[in-house]
1. Can you give me the convex hull volume of the Cα atoms of the stretch 54-181, divided per residue and expressed in Å³?
2. Magnitude of the Cβ-charge dipole of the chain, K/R +1 and D/E -1, about the Cα centre, nearest 20 debye?
3. Take every DSSP beta bridge whose two residues both sit in the chain, then give the antiparallel share in percent to the nearest 5.
4. Using a basic spin-label model with each label point 7 Å from the Cα along Cα→Cβ, how many nm lie between Ala570 and Ala460?
5. About its Cα centre, how strong a charge dipole does the stretch 114-257 have in debye, to the nearest 20, once Lys and Arg get +1 and Asp and Glu get -1 at the Cβ?
6. Send over the semi-axes of the stretch 120-209's equivalent ellipsoid, whole angstrom and largest first, taken as the square roots of 5 times the C-alpha gyration tensor eigenvalues.
7. Through the Karplus equation 6.51 cos²θ - 1.76 cosθ + 1.60, θ set to phi - 60°, convert the phi angles of the stretch 590-597 into ³J(HN,Hα) values in whole Hz; use x for Gly and Pro.
8. Work out how much length Asp699 to Gln146 would gain on full extension: take 0.36 nm times their residue separation and subtract the Cα-Cα distance, in nm to one decimal.
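Derivation of every value follows stated rules applied to the coordinates shown; laboratory data play no part. Nothing here was measured: the structure is a model prediction, and the numbers come from that model. All Cβ positions, even for glycine, are placed from backbone atoms using ideal geometry, and neighbour counts span all protein chains on display.
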Amino acid sequence: MTKERTRQYKQRIEEALATPKLQEALHRFADAYVIARQNAFAGLDFEALRGAIAASKDEVREHHADYLAEFIRNAQAGGATVHLARTAAEANTYIVELAKARGVTQVVKSKSMASEETHLNKELEKAGVKALETDLGEWIIQLAGQRPSHMVMPAIHMFKEEVAALFSKVTGQAEPADITHLVQVAREQLRQGYLDAEMGISGANIAVAETGGLALITNEGNARLVTTLPKIHVALVGIEKLVPKLEDAARIIQVLPKNATGQLLTSYVSWITGAVPCGEGEKELHIVLLDNGRSTLAADPHCRDALRCIKCGACANVCPVYQTVGGHVFGHIYISAIGVILTAFFDGIDKAAEIVRACIGCRACVAVCPSQIDLESIILHLRETVGDAEGIGAGKSLVFKRVMRNRKLFHTLIRAASLLQKPVTRGERTIRHLPMFFSSLTEWRTLPAIAEKPLRDLFADLPQKLEKPRYRVAFFAGCANDFLYPELGRDLVQVMNRLGVEVFFPKEQNCCGIPALYSGDKETAVELAEQNIAALLADQPDYVLTTCPTCTMALQKDFVEHLKDHPLLARKSEQLAAITIDVSKFIVDVLGDTEIFAGLADAPGTVTYHDSCHLKRGAGVWEQPRELLAAAGHQVVEMARADRCCGFGGSYSFTSHPNIARNILEDKISNIEKTGAACVAMDCPGCLMQIRGGLEKADSAVRAAHTIELLAEKLRR
């Protein structure tokens, strides 16, 4: 069953990648969105706003029974009938039975992801009730027989020509692919439905406990027609939509359109409190509060923050994986990062098992989330859950549990690999082609050869003559810097020595554990954290320097999380986190010494800069490398989407999702080359491997280099 599920998932990926118009549509919106969102939030304190939203959502989660009772009491006092549905089936049964009891044959619906979650339309159809979607995007996908590919823009994956073909089938005549015309066709086709329907069904963006009222935030007038014209209005609302007060709702209304589509304001905000007059008759308002796994999610200490979600869809708007394969692959009902989590709790972990591995871990979603949800951390926990249930694969299990935990064995095997690779390296430091079933690994990028001697074997021979060093720092090299790019260690020592800093290399250091953690093997990650804490703190360094941001995040954040309940190592992990720092940040923020690079020989050509995901969105470092490059005389030109992932993601680009990684890399290389720069700088060995490999495979003249490499070259001139 698992193998068949995986096969079908990979088939969906291949189909998506074979549809370039899909990537075109998603990229077109995403590129415009980034600029529009930035403009929409200009002058506002986004961090303060999302902190307040997170706090109000947590307040409801911690006192959910009280706020739920308050909402129900106030809603009923206003004339609404409230039903609490524990499951999707219960919600559907209530609505279907209500329709039968009232003799309803046709309903009109405004956009409701909750109804997609419960598959309400299918249940209504079984009961002989016709459901008409009136949101333009929802109507389009209803005609196409699809499900939404985005929470806010359900038909974002479709082009106007496809829509015109669908509408032509409805009207019986050829409709031109003109957006204005197609919108008019939709109005004409949907208008009578509002008048004929005996029931209107909507969702709600917010439910306010202190008033018992609902708020609908929309860009089309259909929601108001759906909720007012029919004599029965049913609102299907997830219980996580509760907020305590009106001011909490106002804050969400302020943020939601800006974060969802980059709009300053939404077109319509509708407030519904209690039943309202309906001509000469009485109007019914039924509010169905949907649990369906939400209470289970609230009780999970690792994942419960996901209930803060306000369903803006921004995590998809910035996700490189979503932009490559779309929501029909990277989602089940809900899509992208939040969709992975909600799928696990609403539909079962088996439905999330494949898409939980689709996340590349770039943290773009975390940076834009208006509710401060650490989506990546939750997904990593779910990956661990899947790994415990289904295993991580015999190969990975052997490497992580038997090899990587044993540092001497691990490093001995890497040294042996440096000898075995000689037939394919042919004396070069770059592998351009691999034979047989390994050939796909070098089909679209070159790979760095394993160094003949790792940095740990060379470090003692690096001359360091400092009588009174300003600081004495340990260097955590990480696997790539140690075994693939030992020259970066030499460059680091040269630059640090010039700045009066002594560097030493703790030889007991091992892998940071991120490869194991991202594969779902937390046990190995914890073991490696313990090994590295002992190695790095043994000689009491002033700081621990890193040249790899993924390692930086492991030492600063993951080790602390892994060992927070350990009586002794918890304190040591916090001690290590406090002194761990990226080398660019160390030079600029600690040493404050960039003048040393000025006045030397001018640096040739222009440089563009690629922001590594974990460096900018994890360690919060992006200005410092640019400042260093400028101080060294480089003319820095910005590329479009400089902080968009390069597609590396460790094993993601080798074994998990190489085709997605390749597509993401192609976008990055295109943006690099459009700058006209002679060199692209970055501060991550993994990004260096990916981008340099892609540039070399494409025979590009653009050079890829680590920032510390360029600084060392400047000092050598």
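1. Convex hull volume per residue, Cα atoms: 161 Å³.
2. Details: 81 positive and 86 negative charges, 279 e Å.
Rounded to the nearest 20 debye, it is 1340 debye.
3. Values: 13 of 58 bridges.
Percentage antiparallel, nearest 5: 20.
4. 4.0 nm
5. Details: 13 positive and 19 negative charges, 37 e Å.
So the dipole magnitude of the stretch 114-257 works out to roughly 180 debye.
6. Numbers: eigenvalues 112, 57, 36 Å².
Equivalent-ellipsoid dimensions as semi-axes: 24, 17, 13 Å.
7. Using θ = phi - 60°, the values come out as 9, 6, x, 10, 9, 5, 4, 7 Hz.
8. Values: separation 553, 0.36 × 553 = 199.08 nm, distance 4.14 nm.
The Asp699-Gln146 span can extend by a further 194.9 nm.
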